[in-house]
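Visitor: Starting off with a structure, shown below.
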Amino acid sequence: MDLTSRLLLLLDVVERGSYAKAAELREIDRSVVSKQIAKLEQELGVRLLNRTTRSFALTEAGTEVVNRAQLLRETLTETVEAAKRFHLRPKGVLKVATMSAMARHILNPVILSFQQKYPEILIELRADNRMVDIVGEGFDIAFRAGELQDSTLIARSIARTRQLLVAAPSFLTRYGTPKSLEELSLLPAGGYVVDSYRETHLKYHDTSNEIQQLPMNITYYTSDIELLLQHAIDGRGYALVPAFLLRDEITSGRLMPIMTQLSLPDFHDISAVYPHRDLPQRTRLFLDEVIKHIGNEGPPVWERNIPGFDKMYGHKH
């Protein structure tokens with residue numbers, strides 16, 4: 001036993017009134033109790049108990065030590081309870097990474113409701129298009145669309161992301177609504193570009209469900225997908241965009257889906273990426289909140305902003 005354990009054993013002896021009852025409580029031999037109390041007196045350098053064959057009495061030093069031991073026990077009990085409350089009441093810093101568009105369109109409303117539920121969790125959100133080092137930079141979780149590059153990480157798909165072609169009414173008035181792939185290929189378009197990718201062709205499924213590519217007449221490139229959407233809203237070109245980017249642009253009439261008879265491949269699933277399967281409580285709660293916001297069943301929440309979307313671009317549900 002260490003010093004703390006012997007002090008707590010002394011409390012048991014005093015409160016139970018005998019070595020035998022303390023031994024019974026601890027389920028140990030009476031001789032063990034006697035030896036440990038003797039070691040405690042030796043360690044402290046004072047006599048704690050005056051013993052007779054049938055009873056004992058606390059010395060003046062023993063009384064002081066017992067009082068201190070009671071305070072120690074209370075402190076230990078409070079410490080254990082505080083640790084339990086920590087698990088019951090999530091707190092601490094939660095570091096989250098994602099691309100800017102996902103941060104604004106998917107995570108931002110979740111963060112608002114999440115921190116109302118768990119005000120003691122501080123969220124640090126990194127929102128940019130840089131591929132962060134989740135482990136090296138100390139992130140708890142990231143949300144990505146695309147293939148996982150690091151095989152040591154855990155990736156959980158949480159939502160599909162379908163694509164659509166959109167254009168502003170002013171653009172269609174100026175250039176006409178395309179009815180064929182040939183007409184579409186002639187229209188000015190906005191394109192997405194990052195270090196590892198430059199959009200040049202529109203991929204689609206032919207009647208045999210094979211992937212084909214149509215050259216796009218791209219007149220404007222941007223690495224910010226929200227600026228690509230704004231380019232289309234401004235009537236400067238059509239754009240191929242993931243559905244999660246849209247809010248009320250379709251229902252308000254600022255944008256219209258075009259070439260809906262085309263069968264477009266889905267965009268990459270949105271995945272939650274984290275270092276270990278055993279998620280800390282605050283991370284798990286946040287992930288649950290994100291999934292709840294997106295929708296556990298049925299289409300993701302953003303597809304509800306596009307009337308009839310389930311029957312466009314080759315979708316059957």
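Visitor: Within the set of pairs 6+ apart or on separate chains, which have a first residue in the stretch 1-16 that is assigned by TED's automatic domain parsing to the domain that holds Arg30, a second that is hydroxyl-bearing (Ser, Thr, Tyr), and C-beta atoms under 9 Å apart?
Guide: Val13/Tyr19
Condition check ((1) in contact (Cβ under 8 Å) with a residue 40 or more places away in the chain; (2) more than 30 Å from Arg304 (Cβ to Cβ); (3) among the hydrophobic types (A, V, I, L, M, F, W, C); (4) in contact with a His (Cβ under 6 Å, 6 or more places away or on another chain)) across all residues:
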{"site": "Ser18", "(1), (2), (3), (4)": "no, yes, no, no"}
{"site": "Glu41", "(1), (2), (3), (4)": "no, yes, no, no"}
{"site": "Leu49", "(1), (2), (3), (4)": "no, yes, yes, no"}
{"site": "Ala101", "(1), (2), (3), (4)": "yes, no, yes, no"}
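Visitor: Can you pull out the strands (runs of 3 or more DSSP E) entirely within the stretch 47-114 that have at least 1 residues that are more than 28 Å from Asn129 (Cα to Cα)?
Guide: So the answer is 49-51, 56-58.
Visitor: Of the residues in the stretch 146-177, how many are in contact (Cβ under 8 Å) with a residue 40 or more places away in the chain, farther than 30 Å from Ala97 by Cβ and surrounded by 16 or more Cβ atoms within 10 Å (Cβ to Cβ)?
Guide: Residues in the stretch 146-177 being in contact (Cβ under 8 Å) with a residue 40 or more places away in the chain, farther than 30 Å from Ala97 by Cβ and surrounded by 16 or more Cβ atoms within 10 Å (Cβ to Cβ): 4 in total.
Residue-by-condition table, conditions (1) over 30 Å from Thr219 (Cβ atoms); (2) of a type in the set (Asp, Glu); (3) loosely packed, with under 14 Cβ neighbours inside 10 Å:
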position: Val241; (1), (2), (3): no, no, no
position: Leu279; (1), (2), (3): yes, no, no
position: Val290; (1), (2), (3): yes, no, no
position: Lys311; (1), (2), (3): yes, no, yes
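Visitor: Hey, could you check the stretch 178-219 for residues that are loosely packed, with under 15 Cβ neighbours inside 10 Å and hydroxyl-bearing (Ser, Thr, Tyr) and say which is farthest from the chain's Cα centre (by Cα)?
Guide: Ser180
Visitor: What about Lys95, is it surrounded by fewer than 16 Cβ atoms within 10 Å (Cβ to Cβ), farther than 30 Å from Ile258 by Cα and among the basic types (Lys, Arg)?
Guide: no
Visitor: For the stretch 118-145, how many residues are assigned to a strand (DSSP E or B), touching a residue at least 60 places away in the same chain (Cβ under 8 Å) and touching a Ser or Thr at 6+ places or on another chain (Cβ under 7 Å)?
Guide: Within the stretch 118-145, residues that are assigned to a strand (DSSP E or B), touching a residue at least 60 places away in the same chain (Cβ under 8 Å) and touching a Ser or Thr at 6+ places or on another chain (Cβ under 7 Å) number 5.
Visitor: Does Thr251 meet the test of being exposed (fewer than 15 other Cβ atoms within 10 Å of the Cβ) and modelled with pLDDT of 95 or more?
Guide: yes
Visitor: A follow-up question, please. Hey, among Asp278, Asp310, Asp269, Asp248, which residue is assigned to a strand (DSSP E or B) and either on the phi > 0 side of the Ramachandran plot or charged (D, E, K, R) (or both)? Let's see the steps before the verdict.
Guide: Values: Asp278 fails: assigned to a strand (DSSP E or B); Asp310 fails: assigned to a strand (DSSP E or B); Asp248 fails: assigned to a strand (DSSP E or B).
Of Asp278, Asp310, Asp269, Asp248, the one residue that is assigned to a strand (DSSP E or B) and either on the phi > 0 side of the Ramachandran plot or charged (D, E, K, R) (or both) is Asp269.
Visitor: Does Leu71 fit the bill of being hydrophobic (A, V, I, L, M, F, W, C), over 30 Å from Lys21 (Cα atoms), surrounded by fewer than 16 Cβ atoms within 10 Å (Cβ to Cβ) and not assigned by TED's automatic domain parsing to the domain that holds Ser196? Outline the logic, then answer.
Guide: On the way: hydrophobic (A, V, I, L, M, F, W, C): yes; over 30 Å from Lys21 (Cα atoms): no; surrounded by fewer than 16 Cβ atoms within 10 Å (Cβ to Cβ): yes; not assigned by TED's automatic domain parsing to the domain that holds Ser196: yes.
When the stated conditions are applied, Leu71 does not pass them.
The values are calculated or read from the model by the stated rules, or taken from the named source; none is laboratory data. Remember, predicted model here, so these are calculated numbers, not experimental data. All Cβ positions, glycine included, derive from the backbone under ideal geometry; neighbour counts span all protein chains shown.
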